[in-house]
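Read-outs throughout are calculated quantities, based only on the coordinates presented, and are distinct from any laboratory measurement. Just so it is clear, the structure is predicted and the values come from calculations on it, not from any experiment. Cβ coordinates were reconstructed from backbone atoms using ideal geometry, including for glycine residues, and neighbour counts include every protein chain displayed.
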Amino acid sequence: MSQENHRTVKAQVMVPYELALGRTWSSFFDSLRDEKIMGKKCSKCSRVLVPPRSFCPRCFEDMDEWVEVSQEGVIETWVYVNMPFFAQEIKIPFISAQIRLDGSDSGFIHQIAGIDLSDFDRVKEMVKLGSRVKAVWSKEKKGSILDIAYFEPVK
Amino acid sequence: MGKAVAIIGTGQTKHGRRSDVCYPDLVREAVKAALEDAGITLKDIDGVVLGTMPSMMEGVSSTHFYFTEAMGAFGKPVMKVETCGSTGQSIGHCGFYWVASGMADIVLVVGSEKMSEGDGQATMTTVFDPFFQRTFAAGAPGVFTMQSMEWMYRFKISEEKGREAAAMISVSNHDNALDNPFAHIRTKVTMDDVKNARIITYPVRLLDVCPASDGACAVIFASPEKAKKIGRKAAWVKGLGFRGEEFFYGESDKAIWMSATEAAHEAYAQAGIKDPLKELDVAEVYNPFTYQEMIFYECFGFCPRGEAPDYVLKGAFKKGGQLPCCPSGGTLCTNPIGATGLIRLAEAVLQVTGKAGARQVEGAKLALSHAMGGVDQFNGVTIVGSNL
């Protein structure tokens, strides 16, 4: 389609929000301040989920039991992101990864960093599916998921 | 399945960057084409169903209000249904349910998107939860690439073989789109073009990824009595399935993908299909990403788990192959998201009614259409046939 003489208008919608975390997720972020990663265990199916859930998504039972999971785990999958978009929180390039923390039954989404990301061929050598990574904590805790600064390959 | 339901008309806009029209006019273009195809007028329509992506895509909330006139819904019941990428299948299912229940005789279903007007990846990133995963989400490419990496690792598919098969899928979809006058991207590409394109989310490159399109699609569902009275060639809904999974990415196994697998199996059971590779004549698989298209082939039983790249490299899903997939050029060449799943259905209808023009699969009688939505969370399938 030709784009000549097609009038457009600039527009923007901006709305501030204040989102409630609820008890389970508030506790999770409180624990991050103490450098602990906490999951919830289902009394029916015995699965441990991180992020923790107030109820088991499969059994629909309340999940009452807190379990601390390991700060180390295995890379289940990862992606090298080289694509910018509006309001992106982390500067590209970055690596998103699904990490199975020891003691957990679900994959945990976070980033892998602490390595030189500029040379993709070297990144591929450092970051492999099935290899182990461990949490590196932010010095200053803000009560957000980035209180875990990133995961880095276990040497 | 309720009463039998016919599809008596489809309409599509010319998809692409449509800054020549405002959003309601784009919708009306598809609605008019569908009415003309069915040979009916607005007076014949009992109710209207609309679906789009989240409001942030174009910055207008609840577009069923905005589009009431464009959809011809003045004075009629209107429903809006939204399931992200699978919206197009969800609204088709909704139209089917309405007619199958016997509560309406003719229902107009409309899907639309005008993606050139906003920031698609920023919008899609808000589909992730705000506390845990959104920070690391990289829109659709990020998550679909993670899934593809996991799938290749699980089934020990080498990077080279995956790359070769994905490139072949890109080339054949781009070739197919040249036959489709509605398609957005109509450019010939080579294997080398695909393999050397810019990295988006490694190993996914620019030509492994769909465009962001403006476009609309309309499909008209009718009771057998009305279809007979109108007297034009109709397609018939033979089976449908829809499944959802947990919200958090990482909680379910996306290399096997329950929702895609079971949505197809539900539709096959209703349609009486036992061997989809043999029995289906054509499939319009929702394929915004080349690598992910191969996971769908496996979920839908077109080939055993882990063998999709081998089947692709043998040409099983190309034009003239055992089961041609996406003769329209697919989502890979046209993706106005709220319309896309409905375009898959419309293309399947065109195939089984022999109206697909240059992209017609000779003698097609049974076709699968599909769409996927959210963070790999929902899948919907509709199977249509030439005969009641």
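B:Cys94 meets the conditions (1) in contact (Cβ under 8 Å) with a residue 60 or more places away in the chain; (2) under 20 Å from the mean Cα position of the chain (by Cα); (3) part of a helix (DSSP H, G or I) in every case but one. The failed one is (1). Could you list, in sequence order, all residues of the stretch B:207-249 that are β-branched (Val, Ile, Thr) and either out of contact with any Phe, Trp or Tyr (no Cβ under 8 Å at 6 or more places or on another chain) or within 14 Å of another protein chain (Cβ to nearest Cβ) (or both)? B:Val209, B:Val219, B:Ile220, B:Ile230 - these are the residues of the stretch B:207-249 that are β-branched (Val, Ile, Thr) and either out of contact with any Phe, Trp or Tyr (no Cβ under 8 Å at 6 or more places or on another chain) or within 14 Å of another protein chain (Cβ to nearest Cβ) (or both).
Does the stretch B:255-271 contain any residue that is in contact with a Pro (Cβ under 9 Å, 6 or more places away or on another chain), more than 14 Å from chain A (Cβ to nearest Cβ) and either surrounded by 24 or more Cβ atoms within 10 Å (Cβ to Cβ) or closer than 22 Å to B:Phe155 by Cβ (or both)? Taking every residue of the stretch B:255-271 in turn, at least one turns out to be in contact with a Pro (Cβ under 9 Å, 6 or more places away or on another chain), more than 14 Å from chain A (Cβ to nearest Cβ) and either surrounded by 24 or more Cβ atoms within 10 Å (Cβ to Cβ) or closer than 22 Å to B:Phe155 by Cβ (or both). Inspect all residues belonging to the stretch B:59-81 and state whether any of them is closer than 13 Å to B:Ser112 by Cα and among the acidic types (Asp, Glu). No; the residues of the stretch B:59-81 include none that is closer than 13 Å to B:Ser112 by Cα and among the acidic types (Asp, Glu). When A:Glu35 is tested against (1) of a type outside the set (A, V, I, L, M); (2) part of a loop (DSSP other than H, G, I, E, B); (3) within 13 Å of chain B (Cβ to nearest Cβ), just one condition goes unmet, and that condition is (3).
The set of residues in the stretch A:1-21 being within 10 Å of chain B (Cβ to nearest Cβ) and more than 30 Å from B:Asp214 (Cβ to Cβ) consists of A:Leu19, A:Leu21. Taking the stretch A:93-113 as the range and being facing chain B (nearest Cβ under 9 Å), crowded, with 21+ Cβ neighbours inside 10 Å and part of a loop (DSSP other than H, G, I, E, B) as the test, the residues that pass are A:Ser106, A:Gly107. The residue that is surrounded by the fewest Cβ atoms within 10 Å (Cβ to Cβ), counting only those in the stretch B:178-219 that are polar (S, T, N, Q) and closer than 17 Å to B:Lys14 by Cβ, is B:Thr187.
Looking only at residues in the stretch B:335-352 that are of a type in the set (Val, Ile, Thr) and out of contact with any helix residue (DSSP H, G or I) (no Cβ under 7 Å at 6 or more places or on another chain), the one that is farthest from B:Val282 (Cα to Cα) is B:Val349.
Within the stretch B:122-134, restricting attention to residues that are buried (at least 20 other Cβ atoms within 10 Å of the Cβ) and more than 18 Å from the chain's Cα centre (by Cα), the residue that is farthest from the other protein chains (Cβ to nearest Cβ) is B:Val127. Filtered by the rule that a residue be closer than 17 Å to B:Gly385 by Cβ and either among the polar types (S, T, N, Q) or out of contact with any His (no Cβ under 9 Å at 6 or more places or on another chain) (or both), the stretch B:238-261 gives B:Lys238, B:Gly239. Within the stretch A:136-155, the set of residues being within 14 Å of chain B (Cβ to nearest Cβ) and either more than 19 Å from A:Ile92 (Cα to Cα) or in a loop (DSSP other than H, G, I, E, B) (or both) comprises A:Ser138, A:Lys142, A:Gly143, A:Ser144, A:Asp147.
Considering the stretch B:162-278, there are no qualifying strands (runs of 3 or more DSSP E) wholly inside with 2 or more residues that are of a type in the set (Gly, Ala, Ser) and in contact with a Gly (Cβ under 6 Å, 6 or more places away or on another chain). Within the stretch B:17-42, the set of residues being under 19 Å from B:Gly59 (Cα atoms) and touching a Gly at 6+ places or on another chain (Cβ under 8 Å) comprises B:Arg18, B:Leu26. The set of residues in the stretch B:10-25 that are touching a residue at least 24 places away in the same chain (Cβ under 8 Å), within 11 Å of chain A (Cβ to nearest Cβ) and not β-branched (Val, Ile, Thr) comprises B:Lys14, B:His15, B:Gly16, B:Arg17, B:Arg18, B:Ser19.
Within the span defined as the stretch B:142-163, one or more residues are away from every other protein chain (no Cβ under 11 Å), among the charged types (D, E, K, R) and within 25 Å of the chain's Cα centre (by Cα). Scan B:Gln89, B:Gln121, B:Gln147 and give me the residue that is outside any loop (DSSP other than H, G, I, E, B) and without any contact (Cβ under 8 Å) to a residue 24 or more places away in the chain. From the options B:Gln89, B:Gln121, B:Gln147, the qualifying one is B:Gln121.
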